[in-house]
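Coordinate-derived values only; no laboratory data. Predicted model only: the values in this text are computed from it and were never measured. Quick reminder, even Gly has a Cβ in these numbers, built from the backbone with ideal geometry, and neighbours come from all protein chains shown.
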Amino acid sequence: MEHECKKCLLYESAEGDILKDIKEKIAKLPEGDRVSSDEYEKRLGFCKDCDNLISGVCMKCGCYVEFRAAFKKQKCPDVKGRKW
């Protein structure tokens, strides 16, 4: 039985197929719609420290944070404690 990592991002858990799909979709985004690699890692760092992260999913909006964090126009969905 695999353990569920409540504070993990997908790349740290056993969700390889989902992460692969997300990375492929991010790669297909127009460059102008994506944040830089540095900004992406910064956003993921905030998500990783957030109490709303469970197994790579934001419990505020239900998205995979590794996908949402790639978009320039997206914001942290926690309107009261927005980190990015």
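Quick notes
- Charging the Cβ of each Asp and Glu at -1 and of each Lys and Arg at +1, and nothing else, the dipole of the chain about its Cα centre rounds to 520 debye.
- Over region 10-68, Cα pairs under 8 Å with separation of 6+ residues give a relative contact order of 33 percent.
- Estimated vicinal HN-Hα couplings, Hz - region 64-70 in sequence order (Karplus 6.51, -1.76, 1.60; Gly, Pro = x): 7, 4, 5, 8, 4, 5, 7
- Contour minus Cα-Cα distance for Gln74 and Asn52 (0.36 nm per residue): 6.2 nm
- Sparse packing (at most 14 other Cβ atoms within 10 Å of the Cβ) combined with a DSSP loop state is found for the following trypsin sites (Lys or Arg not before Pro) in region 11-84: Lys72, Lys73, Lys75, Lys80, Arg82, Lys83.
- The 3J(HN,Hα) values that the Karplus relation (6.51, -1.76, 1.60; θ = phi - 60°) gives for region 76-84 are, in residue order, 4, x, 7, 5, 8, x, 4, 9, 8 Hz. Gly and Pro appear as x.
- Across region 32-37, rounded Karplus estimates of 3J(HN,Hα) from the backbone phi angles (6.51 cos²θ - 1.76 cosθ + 1.60, θ = phi - 60°) give x, 9, 9, 7, 5, 4 Hz, Gly and Pro being marked x.
- A Förster distance of 30 Å, applied to the separation of the beta-carbon atoms of Cys63 and Lys42, puts the FRET efficiency at 0.95.
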